[in-house]
Structure formats: structure tokens, C-alpha cells
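Some notes on the structure that comes next.
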Amino acid sequence: MTMTTVGKLFRKCITRALVEYELPRSESAIRLLCMIAAHESGGFKYCRQISGPAIGLLQMEPATFDDVSDYARKKGYCLMQLPTKPEEMIFDTQFAIAMARIFFLRKPELLPYEDDLMGLAQYAKKYWNTSEGKATPEVYLSAYQKYFTHNKN
């Protein structure tokens, strides 16, 4: 399996966002964010949920945005000026990625090991999609495999 062009570009965008916003990065975090974006955006097609409030390629809801923004400010993340409107995640993918990374930094459970793709998919389902969401770990994994290789390069 090879990484698609959009997969390569999005992976680079994740790395740039984590560096720019001075956020912890690991291969597990990068793969998790890739997996979520690949699924939630319908294969990098949608920046706004068709029948709901979620926005950006990672599809964060405005209420979650508010919670994550408050947490980021309290913890001193994102030393740069944080945008104040969730709609900015539609146009600023790096900002949307940073918000998603901060979202996961709030979780007490460590990220699964980078090669445990099903574990990452289960983590995405548990924390991002939740038990109320329609997605399954299998659809997260399938979306990841469609756009990304298992290699770090």
C-alpha cells in the first residue's frame, strides 16, 4: 500500500501544525489525526458536516471547540493568538489539527502504540466519535488505510 498524494500532504500539515503550535507530537498522535480526518471529512472532501454542526477536516463541533479553547488557554498551549471562532477551522487546517491534538491531550488514557492501528481506531471511536456516534473503529481504520501507508516516511 502506498500513501496517496492527499495523505502525504495532510501528514505534512499535521507535522507543521504541531510544530507551529508547540504541541507534543508522536507517530501515534499523527496517525490518529490522519485517521480521524480521513474518515470524518469523507476522504478529505468535506469541511462542514452535512447534517450537523461539526466543522473542519476533523469535524470538531463548536461546543467542543469552546471547551478545548478554554483548556488550551488554561494550560498555556498555543502561545500564538488562538482564533476565537470555530468557523476558522474550516479555512485553517493547521489550526483545526492543533485543536484536535489539544482535545486528545485532555484525555487520561495514553494513545495506543503507533503500530496498533486498530487500537488507534478504537481510541478515535471512544473519544472523538463517542458511543453516540455512527462510526465504528473499522471505518476509521479503513479510511486510514485508504490514504496512508504504515511507514513513517
request  = Amide H neighbours of ARG48 under 5 Å, at least 5 residues apart or on other chains, H built in the peptide plane: list them.
outcome  = GLY56
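Give, as a single signed number, the net charge of other residues whose beta carbon lies under 15 Å from the beta carbon of PHE103, with Lys and Arg counted +1 and Asp and Glu -1.
Spelling it out: positives minus negatives among the neighbours equals +3.
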query = Are there any helices in the chain, counted as whole DSSP H runs, that stretch 27 Å or more along their axis by Cα and score at least 1.0 on average by Kyte-Doolittle, and if so which?
reply = none
key: Whole-Å distance, taken between Cα centres, linking the stretch 67-138 and the stretch 19-47   = 8 Å
note = Rg/Rh of the stretch 1-73 (Cα atoms, Kirkwood Rh), to two decimals, equals 0.99
inquiry  = Looking at the chain, I'd like the Rg to Rh ratio, where Rg is from alpha-carbon atoms and Rh is Kirkwood's inverse mean 1/r.
reply    = 0.92
note = Surpassing 21 Å at the alpha-carbon level, of the pairs LYS12/LYS107; LYS12/LYS134; LYS8/LYS146, are LYS12/LYS107; LYS12/LYS134
key: Gaussian network model of the chain, springs between alpha carbon atoms under 10 Å - residue of CYS47, CYS13, CYS34 with greatest fluctuation   = CYS13
key: Relative contact order (%) - criterion: Cα under 8 Å, at least six apart; region: the chain   = 32 percent
key: For MET60, residues with placed amide H under 5 Å, excluding near neighbours   = ILE55
task = Calculate for the chain the 222 nm mean residue ellipticity that helices alone would give, adding -39,500 (n - 2.57) per DSSP H run of length 4 or more and normalising by residue count, nearest 500 deg cm²/dmol.
result = -16000 deg cm²/dmol
query = Expressed as cubic angstrom per residue, what is the convex hull volume of the alpha carbon set of the stretch 66-148?
reply = 126 Å³
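Bear in mind that the values in this text are calculations on the coordinates, not laboratory data. Source: prediction; values computed, not measured. Neighbour counts are summed over all protein chains in view; Cβ atoms, including those assigned to glycine, are modelled from backbone coordinates with ideal geometry.
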